[in-house]
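The values are calculated or read from the model by the stated rules, or taken from the named source; none is laboratory data. All figures in this text were calculated on a predicted structure; none of them were measured in a lab. Heads up, the Cβs are rebuilt from the backbone with ideal geometry, glycines too, and the neighbour counts pull from every protein chain shown.
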Amino acid sequence: MSEQVVKRRTFSKSKINTFKTCPRQYYFQNRTELGRSIRESPSHQVQNGNVVHKVLELFNDPNADESVIDIHMDAINLTDDGVQFCEKNLANLFTILDKYGLGRAELHEQRVEDDELDLSGYIDAIYLKDGEYWIIDYKTGKFYKPKMDDYIFELYVYVILARRCLGINASKIGMFFTQFPKKTFVIDVNEDEYDKHYADMLAHMENMKSNDGAMFPRSRSRLCSYCKFINLCDGYTDDIIKD
Ligand code: SF4
């Protein structure tokens, strides 16, 4: 089977997210060689989250039955904790799907690429219910209430990509928190919000291309302790970042 070649895009939903969270981290990762040269091992939590995403992806694949999911979970040699984590998240997904009257997603792990904007992303799931499309992001981590505006922005980036690249006009967007199902939310897509988030997204992308170091300030937070650039963050300078 031939491997699908994934074109590296200037912009992606995750790059925009990083820029919004810490512009300096985005700069290190994407505008310097440091992003490639400094490697980090994914945390146990991230590894488990990746496995759950894979299992949810398999659940949405009409060609993959339960035995494929079992085989996959066996093959990745999960610890007992990892198996429990997967089973809990999968069971919670079924509870969430039941609550919203949803089954398998119409599209899953859908790569979307916009040549004009040089922007890409992966949409976890697009459900079709009563003739309406729902764009859903699966979250295996915690829900942070102060990040609600960021969550909504992320979802609108998917709405923009789905509309432009797939011709799909989503009516609803949401996040399924498979570890904390009570935090799951689904909201209606609103045209005014669409326009606002589209404009915000373009503004971020413009700033991400900038050669003005002022566009890449440090944004210190508790997340700094997980940042792979923490040891050079204060001392680093180059032609753009001169501070
Ligand atoms: S250490 Fe903190 S401020 Fe520095 S790049 Fe990383 S996240 Fe940003």
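Only one of the listed residues (Asp124, Asp130, Asp137, Asp98) is closer than 29 Å to Arg164 by Cβ, modelled with pLDDT of 80 or more, surrounded by fewer than 17 Cβ atoms within 10 Å (Cβ to Cβ) and not aromatic (Phe, Trp, Tyr). That residue is Asp130.
The test for being of a type outside the set (A, V, I, L, M) and in a strand (DSSP E or B) does not hold for Ser210.
One residue stands out among those in the range 1-47 that are of a type in the set (Asp, Glu) and within 16 Å of the ligand (Cβ to nearest atom): the one that is surrounded by the fewest Cβ atoms within 10 Å (Cβ to Cβ), which is Glu33. Across the range 48-64, the qualifying residues are those that are out of contact with any helix residue (DSSP H, G or I) (no Cβ under 8 Å at 6 or more places or on another chain) and in a helix (DSSP H, G or I), and the one among them that is surrounded by the fewest Cβ atoms within 10 Å (Cβ to Cβ) is Asn50. Restricting attention to the range 205-222, the residues that are within 25 Å of Ser120 (Cα to Cα), within 13 Å of the ligand (Cβ to nearest atom) and free of Cβ contacts under 8 Å to residues at least 60 places away in the same chain add up to 0. For the range 213-243, a residue qualifies if it is of a type outside the set (Phe, Trp, Tyr), outside any loop (DSSP other than H, G, I, E, B) and within 26 Å of the chain's Cα centre (by Cα), and the qualifying residues are Met215, Arg222, Leu223, Cys224, Ser225.
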